[in-house]
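Reading through the structure tokens given below for one structure.
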4 protein chains.
Amino acid sequence: MSDALEAARRLVPRLAARAAGYDRDGAFPVDDFADLRRTGLFGLMVPERLGGMGAGFAEYAAVAHELARGDGATALVFNMHASVTGALAGIPDQLIEALGVPESFLDARDRVLSAAAGGAWYAVAMSERGVGSRLSRMSTMYEVGDGTFRIKGSKTFVSGAGHADGYLVAARSAADPSLVSQFLVSAGTEGLTVESTWDALGMRATSSHDLHLDVTVPADALLGGVEGLALLVAQLMPHWMVASYAAVYVGVAQAAIDAAVAHLNDRGLADLPAARARIGRADAAVAAARLVVDEAARRVDAAPGEPETNRWVWRAKLLAGTTAADVAASMLEAAGTGASRRGHPLERLYRDARCGSLQPATSDVCADWLGVAALGGDPDADGVGSRW
Amino acid sequence: MSDALEAARRLVPRLAARAAGYDRDGAFPVDDFADLRRTGLFGLMVPERLGGMGAGFAEYAAVAHELARGDGATALVFNMHASVTGALAGIPDQLIEALGVPESFLDARDRVLSAAAGGAWYAVAMSERGVGSRLSRMSTMYEVGDGTFRIKGSKTFVSGAGHADGYLVAARSAADPSLVSQFLVSAGTEGLTVESTWDALGMRATSSHDLHLDVTVPADALLGGVEGLALLVAQLMPHWMVASYAAVYVGVAQAAIDAAVAHLNDRGLADLPAARARIGRADAAVAAARLVVDEAARRVDAAPGEPETNRWVWRAKLLAGTTAADVAASMLEAAGTGASRRGHPLERLYRDARCGSLQPATSDVCADWLGVAALGGDPDADGVGSRW
Amino acid sequence: MSDALEAARRLVPRLAARAAGYDRDGAFPVDDFADLRRTGLFGLMVPERLGGMGAGFAEYAAVAHELARGDGATALVFNMHASVTGALAGIPDQLIEALGVPESFLDARDRVLSAAAGGAWYAVAMSERGVGSRLSRMSTMYEVGDGTFRIKGSKTFVSGAGHADGYLVAARSAADPSLVSQFLVSAGTEGLTVESTWDALGMRATSSHDLHLDVTVPADALLGGVEGLALLVAQLMPHWMVASYAAVYVGVAQAAIDAAVAHLNDRGLADLPAARARIGRADAAVAAARLVVDEAARRVDAAPGEPETNRWVWRAKLLAGTTAADVAASMLEAAGTGASRRGHPLERLYRDARCGSLQPATSDVCADWLGVAALGGDPDADGVGSRW
Amino acid sequence: MSDALEAARRLVPRLAARAAGYDRDGAFPVDDFADLRRTGLFGLMVPERLGGMGAGFAEYAAVAHELARGDGATALVFNMHASVTGALAGIPDQLIEALGVPESFLDARDRVLSAAAGGAWYAVAMSERGVGSRLSRMSTMYEVGDGTFRIKGSKTFVSGAGHADGYLVAARSAADPSLVSQFLVSAGTEGLTVESTWDALGMRATSSHDLHLDVTVPADALLGGVEGLALLVAQLMPHWMVASYAAVYVGVAQAAIDAAVAHLNDRGLADLPAARARIGRADAAVAAARLVVDEAARRVDAAPGEPETNRWVWRAKLLAGTTAADVAASMLEAAGTGASRRGHPLERLYRDARCGSLQPATSDVCADWLGVAALGGDPDADGVGSRW
């Protein structure tokens, strides 16, 4: 087991002990994030030369799975940070050369990653109301100033809003709306306001609030150093985010089994045949989903963005989402009414688990893309809706 | 359509408009119950000669289904009152004669029913912690005093606790613990205290708190007028409660479809094939569950307690519970992330809908009993666990 | 119970005893049809004034369900005959007047129905290879001759081909291909040949072979007496066929439960919890599907062709198809390997049961239509594909 | 890719081309087995020092999966041979020493394995009617003669009966019925008769007939060289057989997807949303089941018989069986009625796929064992029924 994984595993009981409270209050898991900072896990994806742990995606998926056994919401916010740092760290050198990315970007990138190794963490501000995460339809715009960029707009579902040290913000050029760029906006920037809108069924502790921007940022806030390079990161990040959601939801599903086992053993009900059958089938389903997530993660490391990798990512997302929801519902039924009281872990896990299929790409969308691919088509061109 | 059903239908929008608030606060639906009193629905099951509406079970099931489309929690509390009054009103005269039930009971019963017609309503205090609803293991005991009974013990899952006008309390005789009797204890009785323990995943507005009793009640509080007649009502009530839960959960499932349809039409997403397919399958499943509930209700009216009636009751309970949970989960997936925000009806309905399978008899228990019966066995003797 | 239903019930053990043999050989159930003729059931839908039993659709559905408990394939062929005679008998008088249907048609219709009451039965020749049952794309054409029609083309899935006394054949006018007419072609007509193509997974005894036509028929073979009136019958028949398929598949599902119960009791395995749970859930599902079929049937009698009736028909078709397949698969699993030997009723029922969802309208199509309707759309206009 | 896997892959189209015929006739796949002999695959599990390919279980699972994509029945018979040779080859040297297994056994074992490398193959004769595969209740007995054993009894489900070169026969000692031994009985032995009883729903080409024994075999036919050592092999073989069934059924499930994809593309129906969704979900499910089988296989190689290995074997068996049945049923529904004609691969695959859950350990039993294990119990002691 890697150091990072071991560190994550040690945090599980601490996260689990606090999960009910953060969920009840819909409060950001401040203490969990202090723990993550303390253990150096913000540097998980940062190359060792910049002071980080130099993990690959597979190792990350294992860490995310473990954290989610403690608290799914904490794992989900951490996932966003890991996606940003992982995508930044993972840009291939050849691509940088080929695109003519300026040296200055490399410096900026390294500063961002070094800061993460030092304990900073980043949130993602991509989705907009009514637009979802489709970059092509977003209304947040930027204008080029004198060595600065001026960004105006509003984002939603910004997990960790109000707590992150910086935000990865996607915006379109006012001058040429076909150009989509991404900026790293520091938390302290004037004109950055958080509107508390997150009050949801599950994953309540993610503080996925709205973020309003009317900010001026320095030139080196532009990711890639060249406008229009949003795709540089954005094409890497989807695999990241989709596949890493998956790891989180498998962890949530496993936590639901663990909670049902504890509940049934506590009550001396372990010999109920129907409960045993439910747990047995859940055990197999979660084991399978976990292997698919691991396989997807391995492939994201080995061949990011390739069609076969994408298929594994969609499989992981689909199975993690559906398995988590089905397993949590069945475990609640195995445990009985007592487990539906607030404060019982299964009550929370049942709500958290339902969210996986709803996060983009939704289960229905993943099923469609996988079907198109199996039939020899091109999910980008033939799938339902445009992809992002 | 009967007057009662029409009255219920008119209440639906009022109940629906308040449902989010009561759910959020876990507060008793005081205004819904004022509406129910105003429309005379507390007298639904009371014979016309006593000023009631004289409804049968089938009509009740239709009313419960309708109320549940507005607010499942309100319908569930109302269900308890309807079960008490319906079971009392439904005791066959021959049975009363055969058992030698004293005249005084008939007077007491009529007083209870008249009060209901006049606007009083009753809650059920049967379950105990760690015992469930199995009468044979309950620890609430009573002693016979001088023209009184002294009852001591604690009940849980008392829907409507703190708001009902009276409680149907089951207790065992201290002198002969094999005797189980039921008492109607007025809300104002000294020594009756409500402990606020109800804070649950779903059906949050039922105020299903704990009730502690250390009370002295007059002789005519004893249901049936003779000790040990708990079964008189208790053997009628199960069908009542089980089958009427069922009507409520089918109503909740229908409400989930309605909410998803409204959501998709509002967002212009009605042409998504995956969403359409989800709604189509949900529509068929709910229509089927409703017919089974209606059939069970008809049979409870026609042949209460007969083996074939019981099978229909179990089918109704099983299908209502599983259908509600499956449908609400699928509707949430059809509608997407937006519907998982608190305050959105689907967010609440998803939680409410999960509770049906957990209420006794649970889905797994119903499946077992139905299997035993189909195989020619006797569910009472061969089924899992004792029944109540 | 009606006479017809009683007659059907008496046939069940006879049909069941022969089912394995006909299935094995893929042979037409000649003896079953002799039984049906003997009991007068070919006249089930024929008005009493013409010597028939004058049944409505609801009664028919009950008969079909019963026959299917004996042999699903026999019930399915019988269903085609009942659809033809039922649709003919059910044409409303006002419609006939409104359309100016000539008197001669009424005579022809009555002759057809009288013959059925006397022991003749009819098959349906509608589907074509690669076209399915969409009338608008069929390639069978007719030309008007001198007091005759000349019909040329090929049909597929003609259940009962080679054994029926007559075939209801749909064809398009060579002169005006937008006109679709239906003809009743006698079995003895020269130029009518059956090609034995039916050799399928399930419902093997239906002899649903191909029918090649190069025939000349008299003027009164034209249904309705006026060209282009195919829709007269065709718009009634879909409800007929779709809903009556449904009754058959619910019967098949019930037969699967019965077979599993007998198998488990024979082997002394009735106390296996997993088997009991499977049977209990199957029992509830089949009971529900049956009620939906009955409801659809009642509505086809009361308000044929109305939108709400159609929704019930689709619900019936969807639930019957999916329930039969799911239940038969689960019953085979409850019974174990022994039940997968050829000759065991469950082996056949498992194959028969799978066919329900595949017959038009398929389960996926029904789900889509139901979804469109629930969303307030028009399934005819907005549903997948054209309807027939 | 290993040589063996490549060889298997080359055989797939040959096996697939013959599958319909063998299935139709319920005939043993003679030509497939000639191909297997020719390619040396009978020596797959035989150590290289004895002329074999020296494969481990993981490699075997990959080969079995591949063969099953061609013909599930062929793969299933091959699986029995691989189980025998694999279990023999896999007996740890320490165990042999610890048990005091005589040198003569090692010679006998090596002769058996060498023969396999040379083109011989073995079937397994373990199950008995009414007893299943529980060794403790079998009625086949043996008596010790003068340098010989006399074996009498009857076996069922002997895949490959009448075609194998030898049979692994389990029997109990007449002198001490607690001793269960296994013998390798040559096909030519006098008193060995095959009764053609295999005529089943699926996997029809396995020739899993009954075998009657009234034979005398030489001393070195006793596996292990010492009586009562049946467990030596029998405790290894279950993992073998159970897990390798699993590989076969995942291959069958994949073949069903492939057939549906081909069918839909042939008909120009690849853009039906419902069909795409079915294929997408099937793709994910099969990919997951495959990973679980691979993981189980790796663990059988690394730590055979350990509790955690057994859990993976049960997961593999459970998921392979349920996935194959569900996927084949869904693919048939995606493809439509045309695919239910005999001769269409999906018609056969639908029947073959159903058999996986029924083969011991059944899906319900695996679920129970997994549940017991997850709850901290001992499946051997607490699970349903005795294990084998």
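The values are calculated or read from the model by the stated rules, or taken from the named source; none is laboratory data. In this text the structure is predicted, and so the values were computed from the model without any measurement. Every residue, glycine among them, receives a Cβ derived from its backbone with ideal geometry; neighbour counts consider all protein chains shown.
Restricting the search to region C:143-168, which residues are within 18 Å of C:ARG129 (Cα to Cα) and at pLDDT 95 or above?
C:ILE151, C:LYS152, C:GLY153, C:SER154, C:LYS155, C:VAL158, C:SER159, C:GLY160, C:ALA161, C:TYR167, listed by residue number.
Out of B:ARG204, B:ARG172, I need the residue that is of a type in the set (Lys, Arg) and over 18 Å from the mean Cα position of the chain (by Cα). Which one?
Selected residue: B:ARG172, the only one of B:ARG204, B:ARG172 that is of a type in the set (Lys, Arg) and over 18 Å from the mean Cα position of the chain (by Cα).
Within region C:70-87, identify whether any single residue is more than 15 Å from the chain's Cα centre (by Cα) and buried (at least 24 other Cβ atoms within 10 Å of the Cβ), and answer yes or no. Spell out how you get there, then give the answer.
Of region C:70-87, the ones more than 15 Å from the chain's Cα centre (by Cα) are C:70.
Next, from what is left, pick out any that are buried (at least 24 other Cβ atoms within 10 Å of the Cβ): C:70.
Yes, region C:70-87 contains a residue that is more than 15 Å from the chain's Cα centre (by Cα) and buried (at least 24 other Cβ atoms within 10 Å of the Cβ).
What number goes with the only condition from (1) out of contact with any Gly (no Cβ under 9 Å at 6 or more places or on another chain); (2) in a helix (DSSP H, G or I) that B:GLY268 does not pass?
That leaves (2) as the condition not met.
For the structure I just gave you, tell me whether B:GLY160 is more than 14 Å from every other protein chain (Cβ to nearest Cβ), in a loop (DSSP other than H, G, I, E, B), touching a residue at least 60 places away in the same chain (Cβ under 8 Å) and in contact with a His (Cβ under 9 Å, 6 or more places away or on another chain).
So B:GLY160 passes the test.
Here is a yes/no grid of residues against (1) more than 28 Å from the chain's Cα centre (by Cα); (2) closer than 21 Å to D:ASP352 by Cβ; (3) facing chain A (nearest Cβ under 8 Å); (4) surrounded by 24 or more Cβ atoms within 10 Å (Cβ to Cβ):
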site	(1), (2), (3), (4)
D:TYR245	no, yes, no, yes
D:VAL248	no, yes, no, yes
D:ALA253	no, yes, no, yes
D:ALA256	no, yes, no, yes
D:ASN265	yes, no, yes, no
D:LEU269	yes, no, no, no
D:LEU272	yes, no, no, no
D:ARG276	yes, no, yes, yes
D:ILE279	no, yes, yes, yes
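Do any helices (runs of 4 or more DSSP H) lying entirely in region D:8-116 carry at least 3 residues that are within 30 Å of C:ARG24 (Cβ to Cβ), and which ones are they? Show your work before the answer.
Values: elements: D:30-38, D:57-70, D:72-89, D:93-99.
Per the criteria, D:30-38, D:57-70, D:72-89.
State all residues of region B:163-195 that are assigned to a loop (DSSP other than H, G, I, E, B) and under 26 Å from B:ALA115 (Cβ atoms); if no residue qualifies, say none.
Within region B:163-195, B:HIS163, B:ALA164, B:ASP165, B:ALA187, B:GLY188, B:THR189, B:GLU190, B:GLY191 meet the criteria.
Take B:PRO360 and decide whether it is under 30 Å from C:LEU264 (Cβ atoms) and more than 12 Å from chain C (Cβ to nearest Cβ).
Here the answer is yes, as B:PRO360 does meet what is asked.
If we scan region A:353-360, do we find a residue that is in contact with a Pro (Cβ under 8 Å, 6 or more places away or on another chain) and farther than 30 Å from B:GLN359 by Cβ? Walk me through it before giving the result.
Looking only at region A:353-360, we keep the residues that are in contact with a Pro (Cβ under 8 Å, 6 or more places away or on another chain), and these are none.
So far as region A:353-360 goes, no, none of its residues is in contact with a Pro (Cβ under 8 Å, 6 or more places away or on another chain) and farther than 30 Å from B:GLN359 by Cβ.
Based on what the data block shows, is B:GLN182 surrounded by 17 or more Cβ atoms within 10 Å (Cβ to Cβ), within 25 Å of C:VAL313 (Cβ to Cβ) and either away from chain C (no Cβ under 14 Å) or polar (S, T, N, Q) (or both)? Please lay out each step first, then the result.
Working: surrounded by 17 or more Cβ atoms within 10 Å (Cβ to Cβ): yes; within 25 Å of C:VAL313 (Cβ to Cβ): no; either away from chain C (no Cβ under 14 Å) or polar (S, T, N, Q) (or both): yes.
Against the criterion (surrounded by 17 or more Cβ atoms within 10 Å (Cβ to Cβ), within 25 Å of C:VAL313 (Cβ to Cβ) and either away from chain C (no Cβ under 14 Å) or polar (S, T, N, Q) (or both)), B:GLN182 does not qualify.
Here are B:VAL131, B:VAL169, B:VAL124: which of them is within 14 Å of chain A (Cβ to nearest Cβ) and closer than 29 Å to B:PRO29 by Cα?
Only one candidate qualifies: B:VAL131.
Just a yes or no: is a residue in region C:205-223 without any contact (Cβ under 8 Å) to a residue 60 or more places away in the chain and part of a helix (DSSP H, G or I)?
Checked against the condition, which is being without any contact (Cβ under 8 Å) to a residue 60 or more places away in the chain and part of a helix (DSSP H, G or I), region C:205-223 yields no hits at all.
Each row is one residue, and each column tells you yes or no for (1) part of a helix (DSSP H, G or I); (2) within 18 Å of C:HIS212 (Cβ to Cβ).
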{"residue": "C:ALA120", "(1), (2)": "no, no"}
{"residue": "C:GLY130", "(1), (2)": "no, yes"}
{"residue": "C:SER136", "(1), (2)": "yes, no"}
{"residue": "C:SER139", "(1), (2)": "no, yes"}
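Just for helices (runs of 4 or more DSSP H) wholly inside region B:308-388: which have at least 3 residues that are buried (at least 21 other Cβ atoms within 10 Å of the Cβ)? Let's see the steps before the verdict.
Details: elements: B:345-354, B:363-374, B:379-382.
Because the criterion is at least 3 residues that are buried (at least 21 other Cβ atoms within 10 Å of the Cβ), the helices (runs of 4 or more DSSP H) in region B:308-388 that meet it are B:345-354, B:363-374.
Just give me the residues in region D:124-142 being crowded, with 17+ Cβ neighbours inside 10 Å and at pLDDT 95 or above, in sequence order.
Residues satisfying the conditions are D:THR140, D:TYR142.
Which one is farthest from A:LEU332 (Cα to Cα) among residues in region B:280-310 that are basic (Lys, Arg) and either touching a Phe, Trp or Tyr at 6+ places or on another chain (Cβ under 7 Å) or at pLDDT 95 or above (or both)?
If we take residues in region B:280-310 being basic (Lys, Arg) and either touching a Phe, Trp or Tyr at 6+ places or on another chain (Cβ under 7 Å) or at pLDDT 95 or above (or both), then B:ARG299 is farthest from A:LEU332 (Cα to Cα).
Residues to consider are C:VAL46, C:VAL12; find the one that is aliphatic (A, V, I, L, M), surrounded by 20 or more Cβ atoms within 10 Å (Cβ to Cβ) and touching a helix residue (DSSP H, G or I) at 6+ places or on another chain (Cβ under 8 Å).
Result of the check over C:VAL46, C:VAL12: C:VAL46.
Could you go through region D:335-350 and let me know if any residue there is aromatic (Phe, Trp, Tyr) and facing another protein chain (nearest Cβ under 7 Å).
The answer is yes, given that some residue of region D:335-350 is aromatic (Phe, Trp, Tyr) and facing another protein chain (nearest Cβ under 7 Å).
Output the number of the condition that C:THR197 fails; it satisfies all remaining conditions of (1) in the same structural domain as C:GLY40 (by TED's automatic domain parsing); (2) under 30 Å from D:LEU269 (Cβ atoms); (3) β-branched (Val, Ile, Thr).
Failing condition for C:THR197: (1).
If I go through region A:284-307 residue by residue, how many of them are more than 12 Å from chain D (Cβ to nearest Cβ) and either assigned to a loop (DSSP other than H, G, I, E, B) or among the small types (Gly, Ala, Ser) (or both)?
Going through region A:284-307 one residue at a time, the tally reaches 6.
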